[in-house]
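Each remark here refers to the structure printed beneath this line.
Bear in mind these aren't lab numbers, they're just calculated from the coordinates by the rules spelled out. Just so it is clear, the structure is predicted and the values come from calculations on it, not from any experiment.
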Amino acid sequence: KGCAEKCYFGARCRFLHDIGEYMAVKPADLGHSCVLFETFGKCIYGVTCRFAQAHLGDGYENIVNTDLAKQWEGKSLVRNNLSKDLQHQLRKRKFSFKKADEYLRGLAKPHGDSGKGGKATGLSTEEQEASNGTTPQEGLGDSPECPVLPEQGNDPKPDALQSPGVTGDEEASSIKTVGPVTDEDIIKLRSCEKKKLDIQGKLYLAPLTTCGNLPFRRICKRFGADVTCGEMAVCTNLLQGQSSEWALLKRHHTEDIFGVQLEGAFPDTMTKCAELLNQTIEVDFVDINVGCPIDLVYKKGGGCALMTRSNKFEQIVRGMNSVLDIPLTVKIRTGVQEKINVAHKIIPKIREWGASMVTLHGRSREQRYTRVADWDYIAECAKIASPMPLFGNGDILSYEDANRAMQMGVSGIMIARQVPVGALIKPWLFTEIKEQRHWDISSSERFAILKDFTNYGLEHWGSDTQGVEKTRKFLLEWLSFLCRYIPVGLLEHLPQKINERPPYYVGRDYLETLMASQNVDDWIKISELLLGPVPTSFTFLPKHKANSYR
């Protein structure tokens, strides 16, 4: 990176220190042009760049295009980065969660000093509650009545939520603060004073785990997506300051309406995480994932499981809403079991708890991403949700599907990862919907989209070996969905249905045939056309793939 400072590891260091020796063993460059150098006038990866010949001078000096570099000087293209100072505060648990702590104090006290209920003392839950002088309703858990703070910040707390022998005024005065008293200390922001989420009728790109990364969202924005959302982030990992989890919150400057999605199972971690993000990143809304069907999340009480844990669900929504200055949204499914819909019962409660919008996926957890989405049920729930906006989600693969969905009375549509996947199989679907046409996109145009994705990936993940292979990894993941697209010119009838799988076919040219292949070797061949040959050390295989990468 152009720094020739002293290495303090000395002879124990396992890295090379001589640039000439490094260049002698470095793999051959992958191309003659570096996207970072051409775009920004400087490549920060210097000699380690896999396209270094484009910007290395005599003596392996890193060339800088001064005029172009000045145009980008001081501009922040990607926001919501995790600073070292914030990461240190989170790891040392020195970050202040003032609002979250105030809300959590309003909830009933936990069972016992250990916070682990009867297991810590050897007593049952009922016995420990009796020894502490509390009732089951006062305990922190799924009690019949959820102990939450009142809607107005100036209202006194219910007697059941105050410490024995302490009045509300005494309890408030016992909270020690430092510095001058501001309006925020004594006046709670009313819901009508919060920022509004005005996305009525807009096209919403759903948070897509793994594939919904920043380079892919840039592709969708270019094709007309109005609202974008980061990949699902686990709240506990964010609170621990994990860099890999914070990377999911990054926002490109072209994403004008952007939100983040959080997953969690408990009000303390979710409320604290909401306050953390409210203070540290730039987003337009925060979404709660109550639709994730995978066992790893469900068995821990998160995702779809929250639909069966109404008290915890209420505590989470009210808690996050109380600490956020931006709108809070919720994404749910029709229910957990296949033939038992419960969303129509939950949606009025979500509105009452303070959420600004709800998104309903027209399938249950047991259906996962199979079967046809139930849009009649979505229409019924949209009426129940009014005046709260409700976005529908499921089986949108053409502009006709989008038109039918909008006629159901929903406020907008979310385009997500149905099988086959709407946005992942056709990122140009947003253009088709807005222009009300079927786009018979050619193989060369689709290849150009993949080329743009690789350039965006090299910008985002880096142009060194590690960045190139990470870009290749996500490109291969996307190609596993993209191969399911059937060119409009080959269809017997329009539009393509969401559950239709064609037989193997030959395209109108070699590249179209190659892109239609479901053989993983052909996906790798496409990646080699874009990023050069696959190194022998490269191995990447999601467990759900039938094939294996060589």
- Item | Rg to Rh quotient for region 4-75, alpha carbon positions, Kirkwood Rh | 1.04
- When the Kirkwood hydrodynamic radius is evaluated over all pairs of different C-alpha atoms of region 355-412, what value in angstrom, to one decimal, is obtained? 11.6 Å
- Message: For a 21 Å ceiling on Cα separation, which of these pairs sit above it: 98/272; 94/299; 202/331; 26/470?
- Response: 94/299
- Here D for region 72-111, in µm²/s, from Stokes-Einstein with a Kirkwood Rh over Cα pairs at 10 °C and 1.306 mPa s, works out to 119 µm²/s
- Message: From the Cα trace of region 390-446, what convex hull volume per residue do you get, rounded to a whole Å³?
- Response: 71 Å³
- Residue-wise, which Karplus ³J(HN,Hα) couplings in Hz belong to region 405-416, taking 6.51 cos²θ - 1.76 cosθ + 1.60, θ = phi - 60°, and x for glycine or proline? 5, 5, 6, 7, x, 6, 7, x, 10, 9, 9, 9
- Any chance you could run the full-extension gain for residue 194 through residue 521? It's 0.36 nm times the residue separation minus the Cα-Cα distance, nm to one decimal. 112.6 nm
